[in-house]
Every structure is written in C-alpha cells, then in structure tokens.
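K.L.:
Dropping the structure in here first, questions after.
The values are calculated or read from the model by the stated rules, or taken from the named source; none is laboratory data. As the structure is a computational prediction, the values presented were derived from the model and not from experiment. Counting neighbours? That spans all protein chains shown, and the Cβs are built from the backbone with ideal geometry, glycine included. Just so you know, the surface numbers come from the protein's heavy atoms only, side chains and all, with ligands and any DNA or RNA stripped out. Shrake-Rupley method; radii C 1.70, N 1.55, O 1.52, S 1.80 Å.
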Amino acid sequence: MAVKSTNMVTPEIRDDHHHKKNIPLRKVLAPIVISVFAVYLTIGITLGALPTLIKNELKFDSFTVGIVMGLQFLATLLTRAYAGKLTDTLGAKISNHRGIFLVSAAGILYIAGSSFVHFPLLALGLLILSRIIHGISESMMVTGALTWGIGLVGAHNSGKVMTWNGISMYGGIALGAPLSMWMGSQFGVIAPFTLILLLSVVSWLSTAKLPTLEVDPAHVRTPFYKVIAKVSDQGLALAFSSIGFACIASFIALLFAEKSWENASLAFVCFGGFYILTRILFASLPDKYGGYKVALVSFAIEIVGQLFIGFSHSGWMAIVGCALTGIGFSLVFPSLGVLAIKKVSHQMRGTALGAYSAFFDLSLGLAGPIAGIIAGWFGYQSIYFFGAISGLLAILILTVRKSGHQ
C-alpha cells in the first residue's frame, strides 16, 4: 500500500512541472479567461434584462422578480458538490464544456420566455427553468475552468489562475448589465438573450484546443462533507469577508438615496474598478507571499473601507469607502483559495474548489436579508458596521484556526 501511495503522488508533481514547462502561463490563462468572461457576460446580461422583463412586460411584482433572480444563485449553490465530482471524475474539460452547453440551453429558454409576453404564466415558467439551468451551468463551467487552469500551469500558479478568473467574472457581470439594457432599448427584449447564444459559442471555442487533464479512475474520492470540513477555515473566512461586498451590492444605492447624496453609480464603479485594478497589479501576491499574509492584509483594508462608509458624512467619503472595500476584497478569494486547495490531493481539486466556493454563495444569500433587517432597525448606514464586524470575524477565524493547527 505504501508503494501505491507514493506512485499516486509522483504523477501530480510531474504533471504540474510538465505542463508548466511546455505550456506558457499566458497560453493557458488567456483562453480560460476569455471563456469565463463570456459566460459571466451572459450572467450580467440577465441581471440587466430580466427584472425589467418580469415587472414591466409580464406585470409581476417585485417579490416575484426577487425569487426568479435568486433561483440562479440557489441552483449554483446546490450543484457545487456535483460540479466538483464531475470535474474530478470525468475531467475539467468535460465539466467546463458541459456547463457551456447548458448556457446555450438557458439562452434558448430565455428567448422562448421573452417571446411569450402575452402568456405571462408560461413565460414566467420558462424563465424560472432558464434561471435554474443557468445556475447549474455556472457551477460546472467555473469549477471546471479553475481546476483546468491550475492543473495545466501547476499548483504553484493557482493564485494567478484564481485572480484572473475573478477579473473575468466581475468584469463580465459589470459589462453585461448595461450592455443588455442598451440592447433591449435599441433592438427589443429578445436581443440581449440572443447574444447569450453567441457568447456560449465564443466561450466553447476559446478553450477547445487546450489539452485535457488526465483523470485517475482508481483514486478513492473523499466525501464532499469531509472536503467541506477540510476547507472550512478558509470557507468561513471567505463567507464573513464577503458580507461587505454584499452590503455594497444590495444597499449602497439606497444609502445614497436616503442621504440625498449624488453619484451613487460612482460608488459601484469605484468598487468594481479598484477591485479589478488590484487584481491586475497584484495577481502574483498570493503565490509569492502566501495566502495567509495576503488575506489578513486584505481583511484589514476591507474593514477600513466599511468603516469609511459607516461613518461617512458625505457621498465622496462613502465612495472612498467603496473603493477601499474593492481593494481589500479583491484578493480574498485567491488568497484563501491557495490555502484551501493545498489541503487536498490534486485529484480532489475540483471538489475542494466547489466546496470552498459554496461558502461564498451561501454568504451572499444570507447577507442581504440580515443586512435588510439591520437597516430596518438602525438605517442603511448601520449595515456597514455589520460589514466591518464581519471582516473582524474573518480575521479571528483565520488566525485562531491557524494557531490551532500548529
């Protein structure tokens, strides 16, 4: 048994160095980043187009809008385990491409739903189905993309892979929403959803020529709940640090309206812009200095940003707080992710990434309602103290768990 275990480890090291030597980092990252960007552009498109379609065209209320929009998040969360298993057993390329295929299926259903505006219940049913499929596709596609990229360039470049994937994800969402609004106003409600089909083709073609990672069919898989336990330190820290982002995404516009401040859109732009800029300039930090150190610095900056918003007496002070939050939150996912994947064998990377990402999904799902209750009691500005406290809890979890393992 000892000989078998040694043979299992050696291919992982040789694989990583083999791919790193023969495939330059940029030749792996570029197609994967394009593929992920195209898919997240489709997600941004739905965020811009669906609420208007459901409320103005189909005449449903805001609660229905919220339910339909939230279904994608729920589907992504519930299929993280399946996506990880698929990636580890059949291969990252298969998981990625099946996810892209489901994006196409969701696009067809979006088109069908937007075509039956005169039959609201039928249209709503089609849109609900499309949201579920879109959520499943996101889970499979991004888990496959991350595992694929890390496997091809080596675990020592995992921080760069996660960082650039994050840039493409947030960039796609940020551009997709205004793009869909413009297309809808110029070409009609069906046009943005038609673009989803084109983007799914672009996503598939961009990675079609990348080599396939080998899968070890003899590897004994660790159950998903045990993998969750392995990455729970990083996952819980990620979950608490994500609350500040959720508070900005859901309530910063309402805070500006409550205070009669101008330039609420600039708050979003500064958060997103500094988030992306930080990732571009400092993508190598988690790999160079270690995920633990970079995560702690990131938490501290994010906490300062949340306090700026919480104590702000002008719109510009709140905008600075959003920018600082973007800088701090930017490297949290790759920094903690570098630590998480070190806890499993290379055959379980997909499952580990799925389990780790599930904490982020869960955080975004819970943060909104909790922050809404806090805002109802104490006002919108108070929720950013909630965000700052959550950042402190992230630091506490990471440091206590680290000292406990030493």
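K.L.:
So what are the ³J(HN,Hα) numbers for region 164-174, from phi and the Karplus equation (6.51, -1.76, 1.60; θ = phi - 60°), rounded to whole Hz, Gly and Pro as x?
P.N.:
So the Karplus estimates, Gly and Pro as x, are 6, 5, x, 4, 5, 5, 5, x, x, 5, 5 Hz.
K.L.:
Can you tell me which of 330-343, 306-319 comes out highest on packing, and rank the rest after it, using the mean Cβ neighbours within 10 Å? Kindly include the intermediate steps, with their values, before the conclusion.
P.N.:
Numbers: 330-343: 25.6, 306-319: 19.1.
Answer by packing, highest mean first, reads 330-343, 306-319.
K.L.:
Sorting check: for 368-375, 48-55, which peptide has the highest mean count of neighbouring beta carbons within 10 Å, and how do the rest follow?
P.N.:
48-55, 368-375
K.L.:
Once phi is turned into θ = phi - 60°, what whole-Hz ³J(HN,Hα) does the Karplus curve with 6.51, -1.76 and 1.60 give for every residue of region 353-358, x standing for Gly and Pro?
P.N.:
My calculation for region 353-358 gives 5, x, 5, 4, 5, 4 Hz in order.
K.L.:
Restricting attention to the alpha-carbon atoms of region 247-335, what are Rg (one decimal) and Dmax (integer), both in Å?
P.N.:
Cα radius of gyration and Dmax of region 247-335 are 13.5, 44 Å respectively.
K.L.:
Once a ≥ b ≥ c are taken as the square roots of the eigenvalues of the Cα gyration tensor of region 136-239, is the result rounded (a/c under 1.5), prolate (a/b larger than b/c) or oblate (a/b not larger than b/c)? Mind dumping the intermediate values first?
P.N.:
Numbers: a/c = 2.34, a/b = 1.78, b/c = 1.31.
Prolate shape, in that a/c is at least 1.5 and a/b is the bigger ratio.
K.L.:
Can you tell me the order of 142-150, 260-268, 292-300 when each peptide is scored by its average per-residue count of other Cβ atoms within 10 angstrom, highest first? Don't jump to the answer; show the numbers that get you there.
P.N.:
Working: 142-150: 29.3, 260-268: 15.0, 292-300: 19.8.
Highest mean packing first, the order is 142-150, 292-300, 260-268.
K.L.:
What Kirkwood hydrodynamic radius do you get for the chain when you take the inverse of the mean 1/r over all pairs of distinct Cα atoms, in Å?
P.N.:
On the way: mean 1/r = 0.0462 Å⁻¹.
The answer is 21.7 Å.
K.L.:
Could you sort 202, 227 by their accessible area in this structure, using a 1.4 Å probe and putting the largest first? Numbers along the way, then the final one.
P.N.:
Numbers: 202 60, 227 0 Å².
Correct descending sequence by accessible area is 202, 227.
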